[in-house]
Amino acid sequence: MENLKASIRSIPNWPIDGVIFRDLTTLMQNPQAFKETCDLFHNRYKNLPIDKIVGIDARGFVFGAVLAYHLNVGFAPVRKKGKLPYKTIRESYTLEYGENTVEMHKDALSKGERVVIVDDLLATGGTITAAVNLTERLGGDIVECAFVVELPDLKGRDKIKNQKVYSMVTFEGE
């Protein structure tokens, strides 16, 4: 895991002062670190009954789509408002530096489908809470919420305490 952590670039004061942005594009550019990350996800879920992966816009798409492919299951995107072309449901939330709204297609999940929700990073928990709410409204049964990075100091996990959470790397107090 230290290889993964070392491959993530930290950018202080972006997008606003006081925020340290954890940039996973450097991990994705590193073939070894990217493969290791995707393999860790696959190995964690390959023997579980999973019907669909829910990936959160935008970097959750990268890891979620690879995982869905390797598990041979469907992929359902959670996108920023106005990006999906069909009938949607939406959920608004706050994040560490603003507010946003995400949407899912109304037919993205079937009642009782077992899903893993994937995103690159868990910070304040706003985005994942919205994705959990959308998934549950569509009848999805959440197996786990999975992240490459977790920032425990921001207590995002507390917002989804009824969900199992898996994160590969933490930046605690950093």
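See the values below:
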{"quantity": "Separation of alpha-carbon centers, region 132-152 and region 102-126, rounded to whole Å", "calculated": "5 Å"}
{"quantity": "Neighbourhood net charge (14 Å Cβ-Cβ; Lys/Arg +1, Asp/Glu -1) for G139", "calculated": "0"}
{"quantity": "Only Lys, Arg (+1) and Asp, Glu (-1) charged, at Cβ; region 42-154 dipole about Cα centre in debye", "calculated": "480 debye"}
{"quantity": "Cα→Cβ-extended label distance, 7 Å offset, between A65 and W14, nm", "calculated": "2.3 nm"}
{"quantity": "Orientation-averaged projected area, Cα convex hull of region 49-170 (nm²)", "calculated": "6.8 nm²"}
{"quantity": "Förster radius 30 Å - calculated FRET efficiency between K161 and K35 (Cβ-Cβ, nearest 0.05)", "calculated": "0.40"}
{"quantity": "Qualifying aspartates and glutamates (Cα of each under 19 Å from Cα of K164; at least 8 residues distant if same chain)", "calculated": "D51, E113, D119, D120, E136, D141, E144, E150, D153"}
{"quantity": "Cross-link pairs K5/K155; K35/K87; K46/K111; K35/K80; K5/K106; K80/K161 - those with Cα-Cα distance over 29 Å", "calculated": "K35/K87; K5/K106"}
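Quick note: the coordinates plus some simple rules give every number you see, no bench work behind them. The structure displayed is predicted, hence computed values, not measured ones. Glycine also receives a Cβ, built like all others from the backbone with ideal geometry; neighbour counts cover every protein chain displayed.
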